[in-house]
Amino acid sequence: MRCPRCGSMVDGNDCPYCGYGLINKNKQEDKEDDFGDKIKNILMGFMLASFVIYLVSTVALMLLSTPQAYDYTTVGRELLYLVLLIPVGITWLSGISLTVYYSLLVIAILISVGFLFYRSVDFITDVGLRRVKKSEVPSKIMDQPITRLALLFSVMVFLSFLYFILLELTGISPAVPPIDDEPFGRVVFWMTQAAVWEEIVMRFAYFGIPMAIYAYSKNKPKSWKYLFGGFGLEDGPIIPLLLFSSMIFALAHVGGWDLYKLPQVFLGGVIFGYLFAKDGLYSCIVFHFAWNYTYLYNRLSYDVSLVISILTLIWMAVGVYFTYYYTKEALTWFKKKKQDKKEEEIQREEVSLTLGKTAGFVCSNCRSYKAVYTAEGKLKCKTCGQETALSSNDSLREIKTVEVKRQWPPME
């Protein structure tokens, strides 16, 4: 068959000489991608705008409810707890100590919300939107902390609704703590405390501290910052710690609820852990705060409850798309990690076969094997920064071919 474009003989539908057929397919795929991006940007814009309005309204609700919460703290008594598989009490708070404790919780939420907005708009000055192409703006906005939080909020709404619908279809009605009859001030206290204290216990203690210890063991600069998250997803035991903290978080809720609550809370823990790794503790606090306060709106009035219900249904619909989007992103990330690991192993084998019996760098300070050459001809450790002369016996050692597991010579 001859190509209708260049007249060359071709086997199949795509011309290997002028690209006829293949070009048309690529154009069609580009059109489909453009359409998909438009849908994503529209949904993202709506979710971001509606969530920002909701978040500001929720902060206002917290502040307006503070007098009632303070009234409760003057007469109430609450247990401060840690979570060691199950909640374990530390001490009872009442009177002035409970009032001060609640004040600190409110301050922590206000700081977290303020820092979230600061981090999310700071990219405007860092990037300089005048130098950014119009087509690149949506992707840059989508990578901001508040956008990520809003989109994952819609995912959580959708998956929670889907889970409880499946339970209802199977005839299961999960047990719910009897909080509807509790005073409004006490419920405000509980919802505020959970948003801050649970995140400090779960993410800071079970995720941040182990990551800080890991960073310190690797001589990473400012390893103490790992306590508050924002360290990314590329280095360290991220996935095991994320899953472990999520499971502890889920088990801690079984006492007040029942085992049917565990899958939903575990999913929430995974989202919180992801936000902790990507952005930091403040993002987890804001998410938890926004989620908890959806219940308080139902205690205000029928009209307010109706508005929140309608908004939740719309978020649920948006969450269908972004559940698909983040699932696809997660699978791509795991695939890339697996491919990178395989390529690294192949590269090490090639180096081993090429060099045979050779010398390998080992830093005398931190025992790292990663180094680069300096302008003075020395080796500079990429982990701790110590420079070592090539003639130093302490930095060079002989290794056998079968034992070669490190990359040498050092490469960027």
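FYI, it's all coordinate maths here, none of it is from the lab. All of these numbers come straight from a predicted model, not from anything done at the bench. So basically every Cβ, Gly included, is an ideal-geometry build from the backbone, and we count neighbours across all protein chains shown.
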Place a label point 7 angstrom from the Cα of Val75 along the Cα-to-Cβ direction, then list the residues of the range 182-199 whose backbone nitrogen is under 17 Å away. 182-190
What is the distance, in nm, between label points placed 7 Å from the Cα along the Cα-to-Cβ direction at Lys342 and at Val56? 5.0
Here, Lys225 and Phe46, labelled 7 Å along Cα→Cβ, have an inter-label distance in nm of 3.8
In whole Hz and in residue order, list the ³J(HN,Hα) couplings for the range 306-311 that follow from phi through the Karplus curve 6.51 cos²θ - 1.76 cosθ + 1.60, θ = phi - 60°; x for Gly and Pro. 5, 4, 5, 5, 5, 4
Along the range 187-202, Karplus-curve 3J(HN,Hα) (6.51, -1.76, 1.60; θ = phi - 60°) to the nearest Hz, with x for Gly and Pro, reads 5, 4, 4, 4, 5, 6, 4, 4, 5, 9, 5, 5, 6, 5, 5, 7
FRET efficiency for Ile239 and Val100, Cβ-Cβ distance as r, R0 = 35 Å, nearest 0.05? 0.35
Would you pull out the residues with amide H under 5 Å of Val83's amide H, same chain only if 5 or more places away, H placed 1.01 Å from N? Val88
Peptides 288-295, 380-387: what's the order by average Cβ count within 10 Å, highest mean first? 288-295, 380-387
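Calculated FRET efficiency, Leu84 and Ala389, Cβ-Cβ r, R0 51 Å, to nearest 0.05?
Once the sixth-power term is evaluated, E becomes 0.55.
How much length would be gained if the chain were fully extended between Ile314 and Glu376, taking 0.36 nm per residue of separation minus their Cα-Cα distance, in nm to one decimal?
Using 0.36 nm per residue and subtracting the Cα-Cα distance, I get 16.1 nm.
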Simple spin-label estimate for Tyr163 and Trp92 in nanometres, 7 Å along Cα-Cβ: 3.4
Residue order, fewest to most beta carbons within 10 Å, for Thr327, Thr66: Thr327, Thr66
